[in-house]
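Report on one structure; see the data block that follows.
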Amino acid sequence: MTDRYRGFTFDEAALREDVDIDVDRRREILFAEAQLQKWTLWELLGIPWNAPVEAAKAAYIEKVKVFHPDRYPAKRLGSYRARLERVFRRITEARDVLSDEGRRVPYVRQTAPPEQAAAMEARKLEDERRSEERRARLGRQNPLLQRVGRVKELVARGKHAFEEGKFLQAANDLQLALTMDPGNIEAATLVAEAKRKAAALKANDWFDKGQQFYVIGRMGEALSAFREALSSDSTHVRAAAYAARAALELGEVAEARSFAEQAVKAGPRVALAHESMGLVLEASGSKREAREALEKAIELDPRLESAKERLKKLRWSFLG
Amino acid sequence: MSELEPVIGIDLGTTNSVVATVRDGVPRVIPNRGGLLLTPSIVAVAKNGKRLVGALAKRQAITNAENTVFAAKRLIGRRWGSKEVEDARQFLPYQLVAGPEGNDVRVQLGGRTVSIPEISAVVLAELKADAEAWFGRPVRKAVVTVPAYFNDGQRQSTKDAGRIAGLEVLRIINEPTSAALAYGFGKQMEKKVVVFDLGGGTFDVSILDIGKSVYDVVGVGGDTYLGGEDFDRRIMDWLTFAFAKENGGVDLRQDKMALQRLKDASEKSKCDLSTAPSTAIHLPFLVSGGEGKGALHLDKQLTREKLEELTKDLVERCIAVTDKTLRDAGLRAAQVGEVILVGGMTRMPRVARAVRDYFGREPSRGVHPDEVVALGAAIQAHALVAPQPKGEEVLLLDVTPQNLGLMVVGGYFNTVIPRNTTVPTSQTHLFTTVQDNQTSVRIAVLQGESEKAIENELLGEFILDGIRPGRRGDVSIEVTFAISADGIVGVSARDVATGAEQSITVTATSGLTEDELKRILDEQRDELLERKQTTREFELRRDRAMALVREIDGLRPAVESALEKSRFGKDAIQKAETVIARVRQAIAARDAGAIEVEEEQLDRTLQLFRALAAGGPMPAGG
């Protein structure tokens, strides 16, 4: 029993203090307090290095029975109260660290005896090497992993095409990747953008084609080209505005009106749309509304000479 | 055993309080002088200026709502202007005002402004007096329970209340821990236990690892503003709304007396629905119907189903808090070995069912939900003063319910002691001066869960002053934050270089200042003097009464022999015995008034006995 304290000098004053604690217990408390910073948490709880969590908890409960101040009811403790509290705090810390997975693992490594530390380091390296190897092997064998690789490839290619402005190709690749891996967020976000841009490009192509027919007066072909443009991008304002004029030229006033409305809706701040609306309204006999639409067009774009001309005529006819 | 001075455990509840003790190794509840186990936590000042406590205060609450303080526990240690206090002001019939520093809450009671600890102290003093009547000797030491989720201010104020009541509070312990203690006492069990405590005003959940007689708390959670009163309020709101609809928009909340009757009826109907599927709420003549019209009556049928619908979200909140607490402790519901239900609200079938569904097991019914907390407190009180039998020494290892930390630059909250840390505990923090010759540092200490400082509870501001002058960064002050076994925060500071203790001034606390506490205790001393006078009066009456009793006893043999020969007054002896028993009871309760009442009876009995013993004619009416 006394061997435990070999080489340790007790504070005589503390041993003689007038308190209600027997001498053996005093020695135990003084000794533990002196070792607080020296001992590892394992030593503090009196358990072997890397003892399981349950052992740490059980040892803690036993220690608490000695070192918790509440275990000395109605006793005079003097300086021992503070000593007990210091030891209690430290053993509680020991229990907390050794029973919490996140803090325990680094502590186990940090306090490992030299031969254990070497073995652990070796095992860790071995583990890392093995898991690397395992990943590579799985990649070769597993169709699932092959698929993962294929998805990655498609997303990369899609992104590349997107950056080059080949939106249609990008949309195709990304859509394929998304079907293979519906949870792929990167593909999902990019594919929507690519599709939108691809559609806009297509609509522009058709619009240009329609314009060419329009200027040479082939209104039927122009109208169907504009329709194609609008089916790719229903918000293509100019396509709608010109479709209205082409339809008007062809005498399709009702259709012209619906195109004009589509144009105004898609581009409420586009003069061309309002001008088309004015023309359609004039053709259908609503002169007052036609005038308002044309005024709106001029307000949005004061340089719109054709609209001014129209408006002048309309004013005259109104006066007349 | 009885040589030791008696100690008590007190469950100071939102609606009811209970006092208990350990006698001959068995924990038991002490009945109050009215013979009941539960004492309503209500304090009132009657119209004649008399102070009333407990059942007496409750009985007159309807007719004296403005001077009847209930649910003081919801306000104790709270900051004036806090959300909780603002909410409480909406529905409490008595008036709240700010304290002199503008920090804490006071109530207007009988024309005086009274602090909340003083209100709680009146209840504690009543329980103390009940215990003294029961023991027949003075009681000075107690363990008082608080909800586990109470913060430092609330605990400190509860401890102040104990001091004002003339009690040495040995320890403040958490209600769920206390319940677990009573549950596990003497059973030598080893398992994980969850205590689900839904009381009148607060909800607490605690997880304990019980290893024989060591009760190790591994996690606590809760909501200090969720309890039975919220359930009552749902019923009240429902009734108020229905009443307004049926009576052309009459708002019952405008009438304080009606509101109080409504509150009582709501609470009663809730209790009834724990056993019955449906209950009638009948309140005749609730409010006047306006000029020229008769009074309006309330008549409603409330079913259990409707109650469950009205309070569905409250029950869900309880389960959500339970789930979070379990997850924080790294436990799954299946690892729990026992679930203990505590608090009157757990009698509601829907609550018990929700607990059962969550844990997948039947909760324990082995403990009495109203008494268990006080019993645990008594066990702990006993363990703190009396040597325990070997191997059965009870030891509580409780934890802090909330993070303790400081406000740092940018208004952020920096945790110093994380929640669920076993107490007692301490942590030191180093402060360095940031200006040349800086003489003071102001530290705001907070408790709570938010990253933003202002969203947490401010415990107080500590000003370290008289710092020795030096270049900035040269002076370091080591500040130690300690949490005691009571869960109360202490702060001390030391100059690192010189080792000198640094002075600390505490401001902006939510409770009583030390000066105020002193003033209250002084006032109490005056009252004690008054009480001494009443003690003298009591002693006088007692001695007079006992003299009469002795004389009656002395005449007894003569009376008995006289009666053997007589056909009359056969029951005289029996009548005398009844009177004497009542006198003894009044003396035990130290009730001078009751002795005075009995004195007349004693006098008449004595006259009768004298007449009988002398063999003379019976006095008229005898």
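Values as computed for the structure displayed
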item: B:ASN437, sole failed condition from (1) in contact with a strand residue (DSSP E or B) (Cβ under 7 Å, 6 or more places away or on another chain); (2) away from chain A (no Cβ under 14 Å); (3) modelled with pLDDT under 90; result: (1)
item: Failed condition for A:LYS65, given (1) within 12 Å of chain B (Cβ to nearest Cβ); (2) out of contact with any strand residue (DSSP E or B) (no Cβ under 9 Å at 6 or more places or on another chain); (3) surrounded by fewer than 17 Cβ atoms within 10 Å (Cβ to Cβ); (4) closer than 30 Å to B:LYS141 by Cα; result: (2)
item: Subset of segment B:258-292 (residues that are outside any strand (DSSP E or B), within 23 Å of B:PRO349 (Cα to Cα) and among the polar types (S, T, N, Q)); result: B:SER266, B:SER269, B:SER274, B:THR275
item: Failed condition for B:GLU478, given (1) under 28 Å from the mean Cα position of the chain (by Cα); (2) away from chain A (no Cβ under 14 Å); (3) surrounded by 15 or more Cβ atoms within 10 Å (Cβ to Cβ); result: (1)
item: Members of segment A:81-106 that are in contact (Cβ under 8 Å) with a residue 40 or more places away in the chain and either outside the structural domain of A:GLY46 (by TED's automatic domain parsing) or of a type in the set (Lys, Arg) (or both); result: A:ARG83, A:ARG86, A:ARG90, A:ARG95, A:ARG104
item: Failed condition for B:GLU101, given (1) surrounded by fewer than 24 Cβ atoms within 10 Å (Cβ to Cβ); (2) at pLDDT 90 or above; result: (2)
item: Test: residue in segment A:160-175 that is in a helix (DSSP H, G or I) and either touching a residue at least 60 places away in the same chain (Cβ under 8 Å) or aromatic (Phe, Trp, Tyr) (or both); result: yes
item: Residues of segment B:45-96 satisfying the condition of being over 16 Å from B:MET257 (Cα atoms) and among the aromatic types (Phe, Trp, Tyr); result: B:TRP80
item: B:GLY186 free of Cβ contacts under 8 Å to residues at least 12 places away in the same chain, farther than 21 Å from B:LYS270 by Cβ and surrounded by fewer than 22 Cβ atoms within 10 Å (Cβ to Cβ); result: no
item: Matching residues, segment B:337-358, being in contact (Cβ under 8 Å) with a residue 40 or more places away in the chain and farther than 22 Å from B:ALA182 by Cβ; result: B:PRO349, B:ARG350
item: Set B:ARG233, B:ARG253: member being more than 14 Å from every other protein chain (Cβ to nearest Cβ), surrounded by fewer than 21 Cβ atoms within 10 Å (Cβ to Cβ) and under 25 Å from the mean Cα position of the chain (by Cα); result: B:ARG233
item: Considering residues of segment B:402-431 that are small (Gly, Ala, Ser) and part of a strand (DSSP E or B) only, the residue nearest to the other protein chains (Cβ to nearest Cβ); result: B:SER426
item: Evaluation of A:GLU289 against (1) assigned to a helix (DSSP H, G or I); (2) touching a residue at least 12 places away in the same chain (Cβ under 8 Å) (one fails), failing number; result: (2)
item: Wholly enclosed helices (runs of 4 or more DSSP H) of segment A:74-144 bearing at least 1 residues within 13 Å of chain B (Cβ to nearest Cβ) and among the small types (Gly, Ala, Ser); result: A:80-98, A:101-110
item: Single match in A:VAL19, A:VAL64 (criterion: within 19 Å of B:VAL423 (Cα to Cα) and either aliphatic (A, V, I, L, M) or part of a loop (DSSP other than H, G, I, E, B) (or both)); result: A:VAL64
item: Selection count where residues are away from chain A (no Cβ under 11 Å) and either free of Cβ contacts under 8 Å to residues at least 40 places away in the same chain or touching a Phe, Trp or Tyr at 6+ places or on another chain (Cβ under 7 Å) (or both), scope segment B:373-388; result: 1
item: Selection count, segment B:317-332, where residues are touching a helix residue (DSSP H, G or I) at 6+ places or on another chain (Cβ under 9 Å), surrounded by fewer than 15 Cβ atoms within 10 Å (Cβ to Cβ) and touching a residue at least 12 places away in the same chain (Cβ under 8 Å); result: 1
item: Qualifying residue in segment B:285-293 (condition: modelled with pLDDT of 90 or more, in contact with a strand residue (DSSP E or B) (Cβ under 9 Å, 6 or more places away or on another chain) and over 25 Å from B:LEU226 (Cβ atoms)); result: no
item: Index of the failed condition, A:ASP22 passing every other in (1) buried (at least 18 other Cβ atoms within 10 Å of the Cβ); (2) within 14 Å of another protein chain (Cβ to nearest Cβ); (3) not hydrophobic (A, V, I, L, M, F, W, C); result: (1)
item: Residue list for segment B:81-98, filter: aromatic (Phe, Trp, Tyr) and modelled with pLDDT of 90 or more; result: B:TYR94
item: Residues within segment A:88-112 that are of a type outside the set (S, T, N, Q) and over 38 Å from the mean Cα position of the chain (by Cα), tallied; result: 6
item: Any chance B:GLY470 is over 30 Å from A:ASP100 (Cβ atoms), more than 35 Å from the chain's Cα centre (by Cα), outside the structural domain of B:PHE150 (by TED's automatic domain parsing) and surrounded by fewer than 20 Cβ atoms within 10 Å (Cβ to Cβ); result: yes
item: Extreme residue, farthest from the other protein chains (Cβ to nearest Cβ), among residues of segment A:37-61 that are loosely packed, with under 15 Cβ neighbours inside 10 Å and assigned to a loop (DSSP other than H, G, I, E, B); result: A:TRP49
item: Evaluation of B:ARG356 against (1) of a type in the set (D, E, K, R); (2) assigned to a helix (DSSP H, G or I); (3) surrounded by 15 or more Cβ atoms within 10 Å (Cβ to Cβ) (one fails), failing number; result: (3)
item: Qualifying residue in segment B:448-466 (condition: in a loop (DSSP other than H, G, I, E, B) and over 25 Å from B:SER82 (Cβ atoms)); result: yes
item: Some residue of segment A:256-265 being in contact with a helix residue (DSSP H, G or I) (Cβ under 8 Å, 6 or more places away or on another chain), surrounded by fewer than 21 Cβ atoms within 10 Å (Cβ to Cβ), at pLDDT 85 or above and not in a helix (DSSP H, G or I); result: no
item: Condition check for B:VAL399: β-branched (Val, Ile, Thr) and within 14 Å of another protein chain (Cβ to nearest Cβ); result: yes
item: Those residues of segment B:361-394 which are of a type in the set (Asp, Glu) and more than 18 Å from B:ALA148 (Cα to Cα), in sequence order; result: B:GLU362, B:GLU392, B:GLU393
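The values are calculated or read from the model by the stated rules, or taken from the named source; none is laboratory data. Being a predicted model, the structure only gives us computed values, none of them experimental. Quick reminder, even Gly has a Cβ in these numbers, built from the backbone with ideal geometry, and neighbours come from all protein chains shown.
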